[in-house]
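A short worksheet on the structure shown next.
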Amino acid sequence: MTDPQDTSVTGFRTRFLLASAAWAVLVAAVLVAVPLAFADRLPDPLATHWGPSGRPDGSMPFPAFVLLPVVLWAVVAGVGAGVGARARTLVRRTPRAWYCAGLAWAGGLMVVTQAFTIAANLDRGHWTRAASMSWQVVVIVAAPIALGALGRLAGLCGPDVPPAPPRTRPRIDLDPGKRPVWVSTTTAPWAAWLAIVALAAAVALAGTALSGLFPGGWRAVVPLAVVGVVGTVLSSVSVRVVPEALTVSVGPLRWPSRRVRLERVERAWVEERYPAQVGGWGYRGLPGRATIMIRGGECLVVRYTSGGRLAISVDDAEAGAALLNALIARRHPSLGR
């Protein structure tokens, strides 16, 4: 069946993606143009870190000061593009609002931080004579939050396609002479690209640090490497259902993994969940109320006999839920009804 609003929703999504791309380009242009405009009035290296006393205690070469924020913003914007490319993220008002808030906050934080860093170094001759930081810290924290709030308000505008109505508990009939198996793997291209870019940047910075061109690069290597590892883990999730257990594995190496014995499962069903609803990507929540969020949308939800729940964002979740319910019914007929 064709939704009569499909055309208008598609048009809104196109305009929204263009606006997001324009914001990404604008932030990148500011991050490059502003320091270059004041290059002849800035020391090289320039102060980029201030201690608890408010005095500068760390510096960075000017080329790195220009390049590093652009690389970090490219990673953020790339992840945002991967999230925004999913149709369901933009047609639902709540996830769209949080998407806008995050993109606005990140861009605002980078621009405001750069602006105050340049102002503190302007006409100082040497980075050790840079101006101190006191009240500026409050503005650096508050201004991006305010911009994120405006972004969230902007995201609340536009269509809000309601979620699909609740489904009845999926079930299938099992052949007693066969051993059923269900396996589904979901990938998140944005996380894979995040891992590639972050690890490549970490290697490049490590190389420049070893060569002496950028001695301060070591400070960014570890955070970028951690982002690369986390992105690798979040790049995929695999779920396997057999008569004995449910196994959930993450990452290309299928590790770490979690195995749940079937006797601990009461029932299964399908829900639509999004990162904004559960607090982000990855393993969200606490044991007993957790969600493994790789991408927004269809999730397999499992309820334990203890009352706890586990949700996994995975493709073809309805087939997995149907098999789990059938296996539970075969093992415990009273639970399957």
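The values are calculated or read from the model by the stated rules, or taken from the named source; none is laboratory data. Computed from a predicted structure; not experimentally measured. Reconstructed Cβ throughout: ideal geometry from the backbone, glycine too, with neighbour counts over all protein chains shown. For accessibility, only protein heavy atoms count, side chains too; no ligands or nucleic acids. Shrake-Rupley method; radii C 1.70, N 1.55, O 1.52, S 1.80 Å.
Please build a GNM for the chain, connecting alpha carbons under 10 Å apart, and tell me which residue among L150, L194, L286 fluctuates the most. Maximum among the listed residues: L286. Annotation: W281 carries an accessible surface of approximately 80 Å², with a 1.4 Å probe and no ligand, DNA or RNA atoms counted.
Taking a ≥ b ≥ c as the square roots of the eigenvalues of the Cα gyration tensor, an a/c ratio of 1.5 or more together with a/b larger than b/c marks the chain as prolate.
Please give the Cα centre distance for region 26-87 versus region 218-258, rounded to the nearest Å. Using only Cα atoms to place each centre, the spacing works out to 30 Å.
Taking A317, A220, A202 in turn, the Gaussian network model of the chain (Cα-Cα springs below 10 Å) assigns the largest fluctuation to A220. Roughly how many percent of the accessible protein surface of the chain is carbon and sulfur, given a 1.4 Å probe and a whole-percent answer? In the chain, the share of accessible area belonging to carbon and sulfur is 66 percent.
Going highest first, how would you order 51-64, 288-301, 10-23 by mean Cβ packing within 10 Å?
288-301, 51-64, 10-23
Look at the dipole of the chain built from charges on Cβ: of A225, G285, G78, the Cα furthest out on the positive end belongs to G285. Annotation: C100 carries an accessible surface of approximately 20 Å², with a 1.4 Å probe and no ligand, DNA or RNA atoms counted.
Roughly how many Å² is the accessible area per residue of region 190-262, as a whole number, for a 1.4 Å probe?
Numbers: 3630 Å² over 73 residues.
Result: 50 Å² per residue.
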